[in-house]
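Chemist: Quick one: the structure is below, questions incoming.
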Amino acid sequence: GVYTVSGVTPLGCQSSAQITITVNGLPILSTSGSTNQICIGQNALLTATGAVSYVWSGGISNGVPFAPTVTGVYTLTGTNANGCTSTLIFGVNVLSNPQLIHTLPTATYGATYDVSISTVAGLVYTYS
């Protein structure tokens with residue numbers, strides 16, 4: 001907006017000046033991730049839009065895959081062309097891989113064996 005300041009000296013002399021102040025908007029950030037839940041050993045990909053420069057915590061680069069080893073929260077700071085900044089938080093949940101426990105007898109060529117493997121409800125297993 002335009003603002004005017006006026007002043008009067010003790011002898012009645014007057015003066016005024018105008019100044020224009022522009023309030024720049026904050027960047028409106030949005031983030032997308034390949035997923036916010038991955039298995040250990042998989043890559044995550046965090047990508048932000050809405051600014052001209054981005055800084056992720058933890059040394060993450062915007063739009064570059066990385067392999068977190070533990071569940072974590074990543075903070076994004078985005079800066080627009082006017083130097084204004086906004087911050088968002090994105091969490092990545094790192095899941096443990098299932099562990100299979102099995103016992104096999106000593107193999108004899110040509111013999112047939114029954115093998116039993118216990119599974120956890122809700123998990124999908126592939127046998128080969």
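The values are calculated or read from the model by the stated rules, or taken from the named source; none is laboratory data. Because the structure is a prediction, the values reported are computed rather than measured. Every residue, glycine as well, gets a Cβ built from its backbone with ideal geometry; the counts of neighbours run over all protein chains shown. For accessibility, only protein heavy atoms count, side chains too; no ligands or nucleic acids. Shrake-Rupley method; radii C 1.70, N 1.55, O 1.52, S 1.80 Å.
Chemist: Evaluate the following for Ser61: is it in a strand (DSSP E or B) and either polar (S, T, N, Q) or farther than 22 Å from Phe90 by Cβ (or both)?
Modeler: Considered against the rule, which asks whether it is in a strand (DSSP E or B) and either polar (S, T, N, Q) or farther than 22 Å from Phe90 by Cβ (or both), Ser61 comes out as no.
Matching residues to (1) open to solvent by 60 Å² or more (accessible area, probe 1.4 Å); (2) modelled with pLDDT of 90 or more; (3) within 23 Å of the chain's Cα centre (by Cα):
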{"position": "Gln18", "(1), (2), (3)": "yes, yes, no"}
{"position": "Leu26", "(1), (2), (3)": "yes, yes, yes"}
{"position": "Gly33", "(1), (2), (3)": "no, no, yes"}
{"position": "Ala51", "(1), (2), (3)": "no, yes, yes"}
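Chemist: Shifting gears a bit: Is the range 61-68 home to any residue that is open to solvent by less than 80 Å² (accessible area, probe 1.4 Å), touching a Phe, Trp or Tyr at 6+ places or on another chain (Cβ under 6 Å) and over 30 Å from Gly1 (Cα atoms)?
Modeler: Yes: the range 61-68 contains one or more residues that are open to solvent by less than 80 Å² (accessible area, probe 1.4 Å), touching a Phe, Trp or Tyr at 6+ places or on another chain (Cβ under 6 Å) and over 30 Å from Gly1 (Cα atoms).
Chemist: Could you please find all residues in the range 15-58 being out of contact with any Gly (no Cβ under 7 Å at 6 or more places or on another chain), more than 30 Å from Val73 (Cα to Cα) and in a strand (DSSP E or B)?
Modeler: Selection gives Ser16, Ala17, Gln18, Ile19, Thr20.
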